[in-house]
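The values are calculated or read from the model by the stated rules, or taken from the named source; none is laboratory data. Quick caveat, the model's predicted, so the values are computed rather than measured. Here the Cβ is made from the backbone with ideal geometry for all residues, glycine too, and neighbour counts use every protein chain on show. Heavy atoms of the whole protein, side chains included, go into the accessibility calculation; ligands, DNA and RNA do not. Shrake-Rupley method; radii C 1.70, N 1.55, O 1.52, S 1.80 Å.
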Amino acid sequence: MDAATTAALQKVLDDTRVRTGAPGALARIISTNGTWTGASGTTAASGTSKPGATDHTRVGSLTKTMTVTVLLQLVQESKVSLADPIGKYVPGAPNPSATLQQVADMSSGIPSYTASNAFTDTYFAHPEKPWQPQQLVDIAKSMPAVFAPGQGWQYSNTNYVLLGMVIEKVLGQPIGEVFGKRLFGPLGMDNTSFPGDSTAIPAPYLSGLTNQGQPAGSNVDSTHWNPSMAFTAGAVISTLDDPQKWGAALFTGAGILDARTQQLRRDSILHSPPPNSPTAGYGIGIGDRDGWWGHDGDLPGYNSVLFHNYTTNTTVIVLTNTDNSTTIDGRPTPAAQAIFAGLAAALPQ
């Protein structure tokens, strides 16, 4: 990339980070014009160290792209079918007739446990508390179904907790071991891990800052909050380099899926019902937003983005150590998403 472009990208990163209140931010753009990496701010709200590519962070719902990739591998290996009902694998699951495809593309009607006051009250009172996947599902079971399977669309973290439980049952292995053997090891993602119920994060790391569950105007360090509350919906830890490796596989299938199964993922995007639209939709663990394919991730204290544009062959990665939002076009927008929007607009057309 030329000097003018890289300077413009760095200015967007710096200005938007300040606007969102993120202590620090990392970004990388991989394109046919070259690769740019930018860093801004500090690794912690009270720190002085600049973020770097080796800093570990919690990537939140980028985990969903990994969970569903393993599910698709099991489909490819004829170990499961996307037409199977979730109740076949998880007895007592909410909306048990919802198919694995409906669970994966968020059309299952299964409510998200994270929308339960009973869950959030307990979580924010004791953020270090470990959670078992079944406990999270049980919370969802206490809530009314959002709609009958296939009769609507709503993003639900419970869906991806259930898919993790399916994978563990079918393979008879803990999900951290599954991810390591099927994804992280083969792709050389040596700095990516599934932490289970450990609150530790490998050094060096970004310290998370969040206002979730706090009095208005207050923030708290959430670095060592327990990620087991997200399980296979959002617990993975990674660095800037490894999402680049993951994106190279996720957006092509290279090393993880055969061409037919990768195309199945591409073809799964739902463009209705709302909030899906002709220009923005969600499918089997991946979304398409006006030609940018991928996912974002939130966990208290952390926000991430991994998107790819097939037309321009450009990938954008953004990692921030806050999930706090700023207002863009009248809507609350988390830090990494706000930075992504600015970077995408600054790229040469």
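Matching residues to (1) crowded, with 19+ Cβ neighbours inside 10 Å; (2) under 21 Å from residue 22 (Cβ atoms):
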site	(1), (2)
310	no, no
316	yes, yes
319	yes, yes
328	no, yes
337	yes, yes
341	yes, yes
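In the range 212-228, the residues that are under 26 Å from residue 133 (Cβ atoms) and open to solvent by 70 Å² or more (accessible area, probe 1.4 Å) form Cβ pairs under 6 Å with partners that are in a loop (DSSP other than H, G, I, E, B) and among the β-branched types (Val, Ile, Thr), at six or more places apart or across chains, as follows: 224/199. Scan the range 323-335 and report the pairs whose first residue is assigned to a loop (DSSP other than H, G, I, E, B) and whose second residue is at pLDDT below 95 and among the hydroxyl-bearing types (Ser, Thr, Tyr), with Cβ atoms within less than 9 Å and a gap of 6+ or a chain change. Between residues of the range 323-335 that are assigned to a loop (DSSP other than H, G, I, E, B) and residues that are at pLDDT below 95 and among the hydroxyl-bearing types (Ser, Thr, Tyr), the close pairs are 324/20.
Within the range 109-145, can you find the residues that are open to solvent by less than 60 Å² (accessible area, probe 1.4 Å) and within 16 Å of residue 275 (Cβ to Cβ)? If the condition is that a residue be open to solvent by less than 60 Å² (accessible area, probe 1.4 Å) and within 16 Å of residue 275 (Cβ to Cβ), then 109, 112 are the ones that fit.
Here is a yes/no grid of residues against (1) under 24 Å from residue 327 (Cβ atoms); (2) hydroxyl-bearing (Ser, Thr, Tyr); (3) in a loop (DSSP other than H, G, I, E, B); (4) open to solvent by 10 Å² or more (accessible area, probe 1.4 Å):
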residue: 10; (1), (2), (3), (4): yes, no, no, yes
residue: 16; (1), (2), (3), (4): yes, yes, no, yes
residue: 70; (1), (2), (3), (4): no, no, no, no
residue: 75; (1), (2), (3), (4): no, no, no, yes
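Summed over the range 278-320, residues that are part of a loop (DSSP other than H, G, I, E, B) and either touching a His at 6+ places or on another chain (Cβ under 6 Å) or closer than 19 Å to residue 160 by Cα (or both) total 6. Scanning the range 221-247 for residues that are touching a strand residue (DSSP E or B) at 6+ places or on another chain (Cβ under 8 Å), closer than 21 Å to residue 293 by Cα and in a helix (DSSP H, G or I) gives 234, 243, 244, 246, 247. Restricting attention to the range 280-290, does a residue exist that is within 30 Å of residue 129 (Cα to Cα) and among the hydroxyl-bearing types (Ser, Thr, Tyr)? Within the range 280-290, none of the residues are within 30 Å of residue 129 (Cα to Cα) and among the hydroxyl-bearing types (Ser, Thr, Tyr). Can you tell me which residue in the range 146-166 is nearest to residue 70 (Cα to Cα), limited to those that are surrounded by fewer than 19 Cβ atoms within 10 Å (Cβ to Cβ) and polar (S, T, N, Q)? Result: 154.
Looking only at the range 79-105, residues that are among the hydrophobic types (A, V, I, L, M, F, W, C), open to solvent by less than 50 Å² (accessible area, probe 1.4 Å), over 16 Å from residue 144 (Cα atoms) and part of a loop (DSSP other than H, G, I, E, B) come to 3 in all. Being under 24 Å from residue 107 (Cβ atoms) and open to solvent by 20 Å² or more (accessible area, probe 1.4 Å) is a property that residue 306 lacks. Applying the criterion of being within 18 Å of residue 6 (Cα to Cα) and not in a strand (DSSP E or B) to the residues of the range 24-48, the residue that is modelled with the highest pLDDT is 32.
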